[in-house]
């Protein structure tokens, strides 16, 4: 408790030590007094816990420092919303059957065979419709790639 400053953590460290001791009991050779061994082992586990806690705190500080400022987050959210609206609009311009197949494939995650079975069409038709939809969308959205890269790569 003097090392970790928390009774709950101290209990966890001691319990973890005794579980470890139980599993190592067959291979364990203690050359000092048992009391000394127990106290030293628990003290070392407490020090390990403190080191780990310090490393975690440093990592969290670094992650917080690297995260984008709120203004950049709002800008990225705005750009993402705009891009989603443009994508949705482009999908709505697909022919109805092509749009239906594309949505089943991309939004519902169905495989081509499952879509073919559900819509009672051939698997090859599904493949062609998805391919046509992707070609159409690439053509409609190709000019947006530089905008997307600027918005999400540069903070």
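What to note about this one:
- Of everything listed in (1) in a helix (DSSP H, G or I); (2) modelled with pLDDT under 85, the single unmet condition for residue 37 is (2).
- Selection within segment 19-38 - under 39 Å from the mean Cα position of the chain (by Cα) and surrounded by 12 or more Cβ atoms within 10 Å (Cβ to Cβ): 20, 21
- Scanning segment 99-121 for residues that are over 28 Å from the mean Cα position of the chain (by Cα) and closer than 20 Å to residue 142 by Cα returns a single hit, 99.
- Flag for residue 90 being within 30 Å of residue 144 (Cβ to Cβ), at pLDDT 85 or above and either in contact with a helix residue (DSSP H, G or I) (Cβ under 8 Å, 6 or more places away or on another chain) or outside the structural domain of residue 139 (by TED's automatic domain parsing) (or both): yes
The values are calculated or read from the model by the stated rules, or taken from the named source; none is laboratory data. This one's a predicted model, so the numbers in the text were calculated from it and none came from an experiment. Here the Cβ is made from the backbone with ideal geometry for all residues, glycine too, and neighbour counts use every protein chain on show.
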